[in-house]
Amino acid sequence: MLRFGVTPNAFTYPFALKSCAVLSLPFPGSQIHCHVIKTGCELEPFVVTSLISLYCKCALLDSARKVFDESSKVMKLTVCYNALISGYVLNSRVIDAVLLFGKMGEVGVERNAVTMLGLLPICLVPGFLWLGMCLHCLCVKMGLDFALSVANCLVTMYVKCGSVEYGRKLFNGMPEKGLITWNAMISGYAQNGLATHVLELYKEMESFGVCPDAVTFVGHKIEKQIEVNGFDSNPFLNNALINMYARCGHLKRARAIFDAMPLKSVVSWTAIIGGYGMHGQGDVAVELFDEMIKSGVRPDGTAFVSVLSACSHAGLTDKGSDYFASMKKQYGLQPGPEHYSCMVDLLGRAGRLNEARELIQSTQIEPDGAVWGALLGACKIHRNVELAELAFERVIRLEPTNIGYYVLLSNIYSDAGNLEGVMRIRVMMKERKLKKDPGCSYVELKGIVHLFLAGDKSHHQTAEIYRMLDELENLVEELRGSTNIDNKSNNEYLNGMGVHSEKLAIAFGLLNTSPGTDIVVMKNLRICGDCHLFIKLVSKIVDRQFVVRDATRFHHFKSGLCSCKDYW
DNA sequence: ATAGGGTTAG
């Protein structure tokens, strides 16, 4: 246009500027700014607003502010304020945003729904519930709380701040709901781990005749419907599907989806790497991580978490240490507590307990419960009572109600024959009114879920199941004697609670499936050493493969071996 | 004719 000698005017600039904003291109943007001044359009409200938005999107807040301040000669419109406020918010300059919002009130510029929408994302992180509620009150006063877009944002704010019930209340009270409203609430349940609520609300949405879009399916197991709806090329969905299939034990399907993706983002790589790590295939996880780097995708903090945890569970200690070092050196990433907990786990499993402890003490960042918890777990494996006591003392300061750590220390004492220690922990748990979650396992058979609790006798095949278990226990006992494996039950805490739920599920699976098929068992807690050994031996005796998914990962049992040594 | 905003992933 310029080459042709045609001069742009106030109508041209907003289009051009918006394109630069979308692409985050500050250089052509500032060139256009020069033209704006040359042609005397710098006071046109539409142009001013476009410029502010452009600079904000390129994180050049000072330039945006300059444009804003210089436009003060003309009447500043709500839209100018809105653009700059949202720019401040998106660049985490909360105070500037709030001050500007206040100034609107002083100067008497009208605030509208978009103003609130620009400001609300401040509160889309935990810890900002108080501010979010203030803004909600303001919206009510302004009569904007039922404007669909504002209400959508408020629902999101509540669920992201951990106040799901309040989000739902608001959701229920909305006279008009859009697709985004349903999606916001459904994903809110998903983010808070309320899977059954997700499915219920999804059904409700369908019954209301709301047609789902690509966003709705994130976190769902409805791949076919995704295809039918033509969303199978959506990267968000594919990333969620990779994660879902990996978590459900269908690693091959996860891999197929990953391989078919034309553009793999760091999220896609992280999902598949995490999947292999979860299944104990650390070698593949490491290969994929290196491949990712070769393909030019830059790892971020989460990608490192997935590869470090894969290394620790596969015993790749040196490899993991190298990655940890490269985080800072090559990628300038500051390791957070989540990385330190992986490293403590990695060193701890390898028996390098002192190094793990020194690593914790040497870090600048504040270790969280998981870091000390990893050390405690390593103490369990390597039977180090002294260090366990230290780790326990720290970990319960940070997570006083996490029952798992009490049980862990109690089992450490029990292994060491320290009954006094066991009693002390039990008293502690009683005093603090902490109760162990009941363990449960389930097997899915022809679309029906069969659930077992420890010592369960409610299943209609109970008699056969216990008969089968009796037989297996006898055979296992023989094998144990001949292989001279330490068969001491290390889950003393469970004594008196009857047969472990995973054993019941295994026996049920053997009774109801044909030879040659894998038996997949899901468990809510972590598998204990006793059951782990039991299942290992059973897999040898009956020549079947078992897959047990416990609270943290998958255990593939085959011919008396297991891919994963991570149990307690 | 032209400007500002909200939901979704590892």
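Annotations
- Around A:M468: net Lys/Arg minus Asp/Glu count, Cβ-Cβ under 13 Å: -1
- Computed from backbone phi with θ = phi - 60° and the Karplus coefficients 6.51, -1.76 and 1.60, the 3J(HN,Hα) list for the stretch A:339-348 is 6, 5, 5, 4, 5, 5, 4, 4, 5, x Hz; x is used for glycine and proline.
- Computed 3J(HN,Hα) for the stretch A:131-148, one whole-Hz value per residue from the Karplus formula 6.51 cos²θ - 1.76 cosθ + 1.60 where θ = phi - 60°, is 5, x, 5, 4, 5, 4, 4, 4, 4, 4, 4, 7, x, 9, 5, 10, 5, 3, glycine and proline marked x.
- If R0 equals 45 Å, the separation of the Cβ atoms of A:N9 and A:V94 corresponds to a calculated FRET efficiency of about 0.75.
- What a 1.4 Å probe finds exposed on chain A is 57% carbon and sulfur by accessible area, rounded to a whole percent.
- Rg and Dmax [Cα atoms of the stretch A:310-374; Å; Rg one decimal, Dmax integer]: 10.9, 29
- Taking a straight line from the alpha carbon of A:K203, these lysines sit under 24 Å away, with near neighbours fewer than eight places off in the same chain left out: A:K160, A:K169, A:K177, A:K221, A:K224, A:K446.
- Dividing the Cα radius of gyration of the stretch A:440-562 by its Kirkwood radius returns 0.93 for Rg/Rh.
- Seen against the Cα atoms of chain A and their longest principal axis, helix A:501-512 is set at about 80 degrees.
- Rounded to 5, the percent of DSSP beta bridges in chain A classed as antiparallel: 80
- Accessible surface ranking that places the most exposed of A:M205, A:M1 first, with a 1.4 angstrom probe: A:M1, A:M205
- The length gained on full extension between A:S207 and A:E338, counted as 0.36 nm times the residue separation minus their Cα-Cα distance, comes to 43.0 nm.
- Its residue count N sets the reference 2.2 N^0.38 Å, and the alpha-carbon radius of gyration of the stretch A:349-472 equals 1.38 times that reference.
- Per-residue [θ]222 nm for chain A (sum of -39500 (n - 2.57) over DSSP H runs n ≥ 4, rounded to 500): -19500 deg cm²/dmol
- Under-5 Å amide H pairs with A:C564, H placed in peptide plane, nonlocal only: A:H556
- Inter-label distance, nm, simple model (7 Å from Cα along the C-beta direction), A:F146/A:Q461: 5.5
- Along its principal axes, the stretch A:12-205 has C-alpha extents of 60, 35, 28 angstrom, given from the largest down.
- Amide H contacts under 5 Å for A:R549, placed H, 5+ residues apart: A:V521, A:M522, A:K523, A:H555
- In the context of the full protein assembly, A:K328 retains an accessible surface of approximately 110 Å², using a probe radius of 1.4 Å and ignoring ligands and nucleic acids.
- Angle in degrees between helix A:235-247 and the longest Cα principal axis of chain A, rounded to the nearest 10: 10
- Isotropically averaged projected area of chain A, using the convex hull of Cα atoms (one quarter of hull area), nm²: 32.4
- Maximal additional length on extending the A:F236-A:D62 stretch stands at 59.3 nm, based on 0.36 nm per residue less the C-alpha distance.
- Taking Cβ atoms as reference points and 11 Å as the exclusive limit, the residues near A:H500 contribute a net charge of -1, counting Lys and Arg as +1 and Asp and Glu as -1.
- Bridgeable lysines around A:K380 (alpha carbons under 30 Å apart, same-chain partners fewer than 8 residues away excluded): A:K319, A:K430, A:K433, A:K435, A:K436, A:K488, A:K503, A:K523, A:K536, A:K540, A:K558, A:K565.
- Kirkwood hydrodynamic radius of the stretch A:225-431, from inverse mean 1/r over distinct Cα pairs, in Å: 18.5
- Burial ranking of peptide ranges A:449-460, A:313-324 (average Cβ count within 10 Å, highest at the top): A:313-324, A:449-460
- Coil-residue trypsin sites (Lys or Arg not before Pro) of the stretch A:334-421, DSSP, other Cβ within 10 Å capped at 12: A:R383
- When GluC sites (Glu not before Pro) are flagged only if DSSP places them in a loop and at most 12 other Cβ atoms lie within 10 Å, the longest unflagged stretch of chain A comes out as A:177-568.
- For the stretch A:22-43, the residues whose backbone nitrogen is under 13 Å from a point 7 Å from the Cα of A:L2, taken along Cα to Cβ, are A:27-39.
- Using θ = phi - 60° and Karplus 6.51 cos²θ - 1.76 cosθ + 1.60, couplings along the stretch A:369-386 (whole Hz; Gly, Pro as x): x, 4, 5, 5, x, 4, 5, 4, x, 5, 5, 5, 4, 9, 6, 10, 5, 4
The values are calculated or read from the model by the stated rules, or taken from the named source; none is laboratory data. Model, not experiment: these values are computed from the prediction. Note that we place each Cβ from the backbone using ideal geometry, even for glycine, and neighbour counts take in every protein chain shown. Note: areas computed on protein heavy atoms with side chains; ligands, DNA, RNA excluded. Shrake-Rupley method; radii C 1.70, N 1.55, O 1.52, S 1.80 Å.
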